[in-house]
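Some notes on the structure that comes next.
Laboratory data are not the source of any read-out in this text; all were calculated from the coordinates shown. What you are looking at is a predicted structure, and each value in this text was computed from that prediction instead of being measured. Here the Cβ positions follow ideal geometry from the backbone for every residue, glycine too, while neighbour counts run over all protein chains shown.
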Amino acid sequence: MPLVKRSIKPRHLCRGALPDRVTSELECVTNSTLAAIIKQLGSLSKHAEDIFGELFIEANSFYMRMNSLQERVDLLAVKVTQLDSTVEEVSLQDINMRKAFKSSTIQDQEVVSRTSIPNPVMEMYHQCDKPPPLNILTPYRDDKKDGLKFYTDPSYFFNLWKEKMLQATENKRKEKRRQKVSTSGQALSLQARPHSRPAPPRSPLFGSEQKLVEDPSREVKKVRKARNRRQEWNIMAYDKELRPDARLTPSPYHGMSSESSLSPDNR
């Protein structure tokens, strides 16, 4: 719901009931209208004075801030002009060791509070009807709660925000504790796991085939056989009818005795 900060009263100039025993109604309405106009001008001048007062306060605070900033700039300009790069050498380590600039400006807190309420809103607040005196029933309550807070509670929204912030903080604390427990459980499981035994060394075998002695749980990959040109030449030396079956793996020592007689150079 929008809140009107400044309201000029009276709003209606000619609206109103005429008093009894009026001889000239037109004259009475004219006089009441002029009086309402004068009241409107007075209300307008009052709000104008309040507006200019707020502008003066804002301009004064802005001037004070600009004045302090100008003083700091002047001091910095004097220091910069007095520096001599040929005499004073500042290392990068010294610059990093210095503390960073820290502003002394105080941040505004409790912006929406009773002390920061504008004067027109405060006047409207005092003109409102007062709440019923329910606080006189507080001594008769068993829960020791203020009876007036059931009708109006200015601290309700602050307490609601405080509960949400405390709940969010508690949720973050529980999440961090859960992460710590999970990481510690994983570390304990890794320490309790037995170490796997290393695979035995491979023994060298003769020929193109080698048997790999590995962990039986691992999948053994088939190794491609090495190509032996001399063995192929010895097989080609036979006739087609006497050649051994290609599906059978020939022995690496096959044909070594007749290698000198069956080689392509001695054919």
Notebook entry, point to check: Given Cα pairs under 8 Å that are at least 6 residues apart, what percent is the relative contact order of segment 1-144?
Noted result: 26 percent
Next item on the list: Return the distance in nm (one decimal) between the two label points of a simple spin-label model at Met97 and Val78, each offset 7 Å from Cα along Cα→Cβ.
Entry: 2.7 nm
Item checked: For Arg178, net neighbour charge (Lys/Arg +1, Asp/Glu -1) across residues whose Cβ lies under 15 Å away -> +4
Margin query: Spelling out what I want: for every residue of segment 34-47, take phi, set θ = phi - 60°, compute 6.51 cos²θ - 1.76 cosθ + 1.60 (Karplus), and round to whole Hz; glycine and proline get x.
Written below: 4, 5, 5, 5, 5, 5, 4, 5, x, 5, 5, 5, 5, 5
Check: Met66 to Arg141: extension gain in nm, 0.36 nm per residue of separation minus the Cα-Cα distance?
Finding: 21.3 nm
Check: What length, rounded to one decimal in nm, is gained on full extension from Met124 through to Thr30, with 0.36 nm per residue of separation minus their alpha-carbon distance?
Finding: 30.9 nm
Margin query: For segment 132-190, what is the number of Lys pairs with C-alpha distance below 25 angstrom, counting only pairs 8 or more positions apart or on separate chains?
Written below: 14
